[in-house]
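One structure is given here, and the rest of the page talks about it.
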Amino acid sequence: MKSVEQHVSDILAVVSRPDPIELDLLRAHGAVLAEPVTAELSLPPFDNSAMDGYAVCAADVATATPQTPVTLPVIADIPAGDVFASAIPVGCCARIMTGAALPKGADAVVPVEWTDAGVAEVAVHRAVEAGHAVRQAGSDVKEGTEVLPAGVRIGPAEVAVLAAVGRRSVSVYPRPRVVVLGTGEELVEPGRPLSPGQIWESNSFMLTAAAIEAGCEGYRYGFVGDDPDQVFEAIQDALVRADIVITSGGVSMGAHDAVKEVLSRLGTVQFDKVAVQPGMPQGYGTVGESSIPIIALPGNPVSSYVSFYLFVLPALRKMSGLPQEQLPSVRARLLAPITSSPRGRRSYLRAVLDYDIESEEVAYTALPVAQQGSHQLSALAKTNALVVVPEQVTELPEGSVVEAIQLPHR
Ligand SMILES: Nc1nc2c(c(=O)[nH]1)N[C@H]1C(S)=C(S)[C@@H](COP(=O)(O)OP(=O)(O)OC[C@H]3O[C@@H](n4cnc5c(N)ncnc54)[C@H](O)[C@@H]3O)O[C@H]1N2
Ligand code: MOO
């Protein structure tokens, strides 16, 4: 059987990072930056006031106390956006608002709360040091410095930084379009009535949602039955708007598993048994004239789910322009024994991971849920981690320390 690592690297070999495109700032939100961004100007570009108050020369108010206030004439009013062109003469001050440029001659701002808030002249009750409530030019960013490296995902903070350094558009990797197709004659659209032998379709919803959460454009194609012609047509159709196609079902040994047969006709798709539980039968390759990557996941819902995080996510990261990175994992103490794990296959058990505030050594506990069957979907929603049981291990007592992979957004 093929190792998990081998299957990941085989998949990574058939997907590539797209060429960057220039996108307007909000369109770029959620995509990965393809260029390092530097500040053309310092931020703030000029010394400015951090408070509403009075721009003064600190030396002029050095003796001010509540008992002995210093009174200064107010010679100007400087709202944010205005610039006071001349200098403040010694012994004078200007009323100034937060964000307004500090006038020449002033070296500090007295907050309005430390004054009588006068308009023509003002009584200052407290001394200030030079620099008080002044935001120095460049105290956020110095001109020419890198504010964002290439390879970061653009979230709200990055959008803010880009706008603040004056960028209206940026070079990003376009978000991969992921088209998801389920297969199975027994499947029925949720919301429609079930006949005997049928179940409601869930994999294409789950995989589309997971692709969207991974920052991609996810499209649910829906599902088709096991008729090879239908499967053929659906995959051809899906290819039109896909950078990658994800299918579920039809990859095992079933007599009606159409996906295997059709995909072999359409491209270079290879089917493997991967040494993993759940998710053993897997397919990957490329299809169509443009050699669009395709990943064929097993139909069992839990297998599809786990396979997404093990095999699809690394592909989507690469296609998004992100560096390869494992999902974060921690060492955790098992709160229940693991009674059986197949020898020769690495198990990923769905578990509840908790922070263990009492423990001095291992900071987490992991409780694998009781329902670990590949069809037992409902338990997934209770879990937030995958406990890894290595290939050669078949059981583990309670209290064992294991690796627990933290699932995203859980
Ligand atoms: N003789 C063997 N049988 C099976 C083997 C094997 O090695 N030898 N492997 C088992 C394992 S492991 C898995 S995993 C499954 C994978 O099977 P397929 O990928 O061919 O999937 P299907 O047979 O189409 O479906 C399996 C199961 O999942 C349900 N399903 C499928 N698609 C969906 C969907 N979109 N939404 C909800 N549920 C879905 C389907 O009804 C089946 O119950 O094969 C084992 N068998
Ligand atoms: O490997 Mo299957 O994925 O056991 O359920």
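Read-outs: derived from the displayed coordinates by stated rules, not from any lab. All of these numbers come straight from a predicted model, not from anything done at the bench. When we count neighbours, we look across all protein chains shown, and the Cβ atoms used for this are built from the backbone with ideal geometry, even at glycine.
Efficiency by 1/(1 + (r/R0)^6): what FRET value for Ser264 and Asp237, r their Cβ-Cβ distance, R0 = 22 Å, to the nearest 0.05?
Rounded to the nearest 0.05, the efficiency is 0.75.
Leaving out same-chain residues fewer than 8 places away, which lysines sit with a Cα under 22 Å from that of Lys104?
Within the straight-line cut-off, Lys104 pairs with Lys142.
Less than 19 Å from a label point 7 Å out along the Cα-to-Cβ axis of Tyr355: which backbone N atoms in region 363-388 qualify, by residue?
In region 363-388, the label zone of Tyr355 (backbone N under 19 Å from the point 7 Å along Cα→Cβ) covers 363-367, 383-386.
Determine, from the Cβ-Cβ distance of Trp200 and Ala255 and an R0 of 25 Å, the FRET efficiency 1/(1 + (r/R0)^6), rounded to the nearest 0.05.
0.60
How many angstrom lie between the Cα centre of region 236-312 and the Cα centre of region 160-211?
Between the Cα centre of region 236-312 and that of region 160-211, the gap is 16 Å.
Can you tell me which of 399-407, 194-202 comes out highest on packing, and rank the rest after it, using the mean Cβ neighbours within 10 Å?
399-407, 194-202
For Thr183, enumerate residues with amide H under 5 Å from its amide H, sequence gap 5+ or separate chain, H modeled in the peptide plane.
Val224, Ser248
What would the Debye formula give as log10 I(q)/I(0) at q = 0.11, 0.15 Å⁻¹ for the alpha-carbon point model of region 1-149, no solvent?
At q = 0.11, 0.15 Å⁻¹ the computed log10 ratios are -0.56, -0.79.
From the alpha carbon gyration tensor of region 130-176, can you work out the equivalent ellipsoid semi-axes (sqrt of 5 times each eigenvalue) and give them in Å, largest to smallest?
For region 130-176, the ellipsoid semi-axes come out as 28, 10, 9 Å.
Rg/Rh for region 242-381: what does it come to with C-alpha atoms and Rh from Kirkwood?
My calculation of the ratio gives 1.04.
Two decimals, Cα atoms only, Kirkwood Rh: what is Rg/Rh over region 33-78?
1.27
At 1.567 mPa s and 4 °C, plugging the Kirkwood radius over alpha-carbon pairs of region 300-350 into Stokes-Einstein gives what diffusion coefficient in µm²/s?
Reported coefficient: 97 µm²/s.
What relative contact order, as a whole-number percentage, does the chain give when Cα pairs under 8 Å and 6 or more residues apart are counted?
This gives 16 percent for the chain.
What number, in nm² with one decimal, is the all-direction average of the projected area of the convex hull of the alpha-carbon atoms of the chain?
Reported value for the Cα convex hull: 28.6 nm².
Can you tell me the order of 171-182, 318-329, 270-281 when each peptide is scored by its average per-residue count of other Cβ atoms within 10 angstrom, highest first?
Sorting 171-182, 318-329, 270-281 by mean packing, highest first, produces 171-182, 270-281, 318-329.
What number results when the radius of gyration of region 48-135, computed over Cα atoms, is divided by 2.2 N^0.38 Å?
0.92
Extent of region 183-226 along each principal axis, from alpha carbon coordinates, in Å, largest to smallest?
Largest first, region 183-226 extends 38, 20, 11 Å along its Cα principal axes.
List, in order, the whole-Hz ³J(HN,Hα) value for each residue of region 23-36 obtained from phi through the Karplus relation with A = 6.51, B = -1.76, C = 1.60 and θ = phi - 60°; use x for Gly and Pro.
10, 4, 3, 6, 5, 7, 4, x, 8, 9, 5, 9, 9, x
Sort 67-77, 385-395 for me by packing, meaning the mean count of neighbouring Cβ atoms within 10 Å per residue, highest on top.
Put in order of decreasing packing, that is 385-395, 67-77.
Mean shadow of region 329-406, computed from the convex hull of its alpha carbons, in nm²?
4.8 nm²
Residue by residue, what Karplus-based ³J(HN,Hα) values in Hz, rounded to whole numbers, does region 168-180 have, using 6.51, -1.76 and 1.60 with θ = phi - 60° and x for Gly and Pro?
Coupling constants for region 168-180: 9, 9, 9, 8, 9, 7, x, 5, x, 8, 10, 9, 10 Hz.
Which whole-Hz ³J(HN,Hα) couplings does region 348-356 yield from phi under the Karplus relation 6.51 cos²θ - 1.76 cosθ + 1.60, θ = phi - 60°, glycine and proline marked x?
10, 9, 6, 8, 9, 9, 10, 6, 10
Among rounded, prolate and oblate, which fits region 267-332 when a ≥ b ≥ c are the square roots of the eigenvalues of its C-alpha gyration tensor, a/c under 1.5 means rounded, and a/b larger than b/c means prolate?
oblate
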